Amino acid sequence: MTEVMTEPKHVTIVQLNEAALTALADGDIVAANQESPVELTPYCAGSHWSSVWRRRSEQVATDPASAAWITGIVWDDDRRLVVGRAGFHGPPDGDGRVEVGYAIDPAHRRRGYARAALELMLDRAARDPRVRVVRATVSPTNLASRNLVRQYGFVEVGEQWDDEDGVETIYELTPGGART
């Protein structure tokens, strides 16, 4: 049986507070759900995402204004279900650069959620006059993500080493740039 890809109609990126982020980093789904505006799944609190939640909770503790920009929950409004995480690594830096990040729960992949989350982030970046460049860093082996960012006009500008993810290809886009 071939899996049919369907585009979600109503997807939102739900921001979490510091307490929810910290609970997710600690793998405590019960405490995270007490703080979250949406019902989180056990996958959200798994070890595969804990380093992201830890980094973001520390970031919000240090810079509360970053909470509106950082990684949140990808929520399917129609299904009332968490399907992944997405957001920026932080607010625009001094050069007007923001970096997108997203990950979809494997149970919900190939249904258009990464695309929907990326579109939400690109729309937000395009509306903020401080943003001059949107960056995405992708593992060279992640063909789905590489193809996705290329479809939105991201251009390869180099490589970098990430201590968690290893070698990454750097893609950049100027908001309002080419999209298909």
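Here are a few things to note about the model shown:
- Only the Cβ atoms of Lys and Arg (+1) and of Asp and Glu (-1) were treated as charged; on that basis the dipole of the chain about its Cα centre amounts to roughly 640 debye.
- Per residue, the solvent-accessible area of the chain (1.4 Å probe, heavy atoms of protein chains only, all protein chains present) comes to 52 Å².
- Rel. contact order, % - alpha carbon contacts under 8 angstrom, at least six apart, region 40-141: 21
- Cα gyration tensor shape for region 80-167, rounded if a/c is under 1.5, else prolate or oblate: oblate
- Residues whose amide H comes within less than 5 Å of that of Leu81, counting only those at least five positions distant or on another chain, are Asp76 (H built at 1.01 Å from N in the peptide plane).
- Set of region 113-143 residues, backbone N closer than 13 Å to the point 7 Å along the Cα-Cβ line of Glu156: 138-143
- Multiplying the residue separation of Ser139 and Glu164 by 0.36 nm and removing their Cα-Cα distance gives an extension gain of 7.9 nm.
- Protein accessible area in the chain, 1.4 Å probe - carbon and sulfur %: 50
The values are calculated or read from the model by the stated rules, or taken from the named source; none is laboratory data. Only a predicted model underlies this, so the values are computations on that prediction, with no experimental measurement involved. We place every Cβ from the backbone using ideal geometry, glycine too, and count neighbours over all the protein chains shown. The area values use the complete protein model at the heavy-atom level, side chains included, leaving out ligands, DNA and RNA. Shrake-Rupley method; radii C 1.70, N 1.55, O 1.52, S 1.80 Å.
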